[in-house]
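Below you'll find the structure, written out as structure tokens, and then a few comments.
The values are calculated or read from the model by the stated rules, or taken from the named source; none is laboratory data. Note that the structure is a prediction, hence the values are computed from the model and not measured. Cβ: placed from backbone, ideal geometry, glycine included. Neighbour counts: every protein chain shown. Please note that ligands, DNA and RNA were not included when accessible areas were found on the heavy atoms of the full protein model with its side chains. Shrake-Rupley method; radii C 1.70, N 1.55, O 1.52, S 1.80 Å.
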Amino acid sequence: GLTGSESIKGLSKRQAIRVIDRLNVLAGVEKDVPNRATPEQQYFILHLAKEMGWAGDPARLRGFLEAKAGVSDVRFLTLDSARRIIEALKAIQKGGRAERRQK
């Protein structure tokens, strides 16, 4: 669920590091990884995605996050990558490329 890969053998080095970090947190060996996106940043990203009509298609945001930041969920973004994602989503909206759904 963390990487989208079906086996450990298929993980890249970056993905394997993320899995190990997450397992250490779950096992109580380490606290959550520092430098994570703030709850406010996470909420804002989800809010922008909803405004763009991506709320009904979770795979759309997940694919965008994987392509731009190498993570599958906003909870795993760093502070810096969250800032970049927010700016990218705002640019998409401003440029009229958002996939807004008509009600």
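Build a GNM of the chain with springs between Cα atoms under 10 Å: which of Gly70, Gly53, Gly28 gets the top mean-square fluctuation?
So, out of Gly70, Gly53, Gly28, the one fluctuating most is Gly28.
Out of (i) 27, 15, 11; (ii) 34, 16, 11; (iii) 23, 19, 12, which label holds the value of semi-axes √(5λ) of the Cα gyration tensor in Å that was computed here?
(i)
Quick check for you: with a 1.4 Å probe and neighbouring chains kept, what is the accessible area per residue of the chain, in Å²?
So the chain comes to 69 Å² accessible per residue, rounded to a whole number.
In degrees between 0 and 90, to the nearest 10, how far off the longest principal axis of the chain does helix 13-26 point, with axes built from Cα atoms?
70
What FRET efficiency do you get for Ala59 and Ser5 if R0 is 22 Å and r is their Cβ-Cβ distance, rounded to the nearest 0.05?
0.90
Using Cα centres only, tell me the gap between segment 1-55 and segment 56-97 in whole Å.
Their Cα centres are 12 Å away from one another.
Are any of the pairs Lys68/Lys94; Lys13/Lys90; Lys13/Lys68; Lys13/Lys50; Lys9/Lys68 more than 25 Å apart by Cα-Cα distance, and if so, which?
Where the Cα-Cα span goes over 25 Å, the pairs concerned are Lys13/Lys90; Lys13/Lys50.
In sequence order, what are the phi-derived ³J(HN,Hα) couplings for segment 54-71 according to the Karplus relation 6.51 cos²θ - 1.76 cosθ + 1.60 with θ = phi - 60°, rounded to whole Hz, with x for glycine and proline?
8, 4, x, 9, x, 5, 5, 5, 4, x, 5, 5, 5, 5, 8, 10, x, 10
At a 1.4 Å probe radius, carbon and sulfur cover how many percent of the accessible area of the chain?
54
Find the Cα radius of gyration of segment 49-94, compare it with 2.2 N^0.38 Å by division, and give the number to two decimals.
Cα Rg divided by the expected 2.2 N^0.38 Å: 1.06.
Per residue of segment 75-90, what does 6.51 cos²θ - 1.76 cosθ + 1.60 with θ = phi - 60° give for ³J(HN,Hα)? Whole Hz please, x for Gly and Pro, Karplus curve as stated.
5, 9, 6, 7, 4, 5, 5, 5, 4, 5, 5, 4, 5, 5, 5, 5
Which one of Gly70, Tyr43, Ile85 has its Cα pushed farthest toward the positive end of the charge dipole of segment 26-97, where Lys and Arg give +1 and Asp and Glu give -1 at the Cβ?
Value computed over the given set: Ile85.
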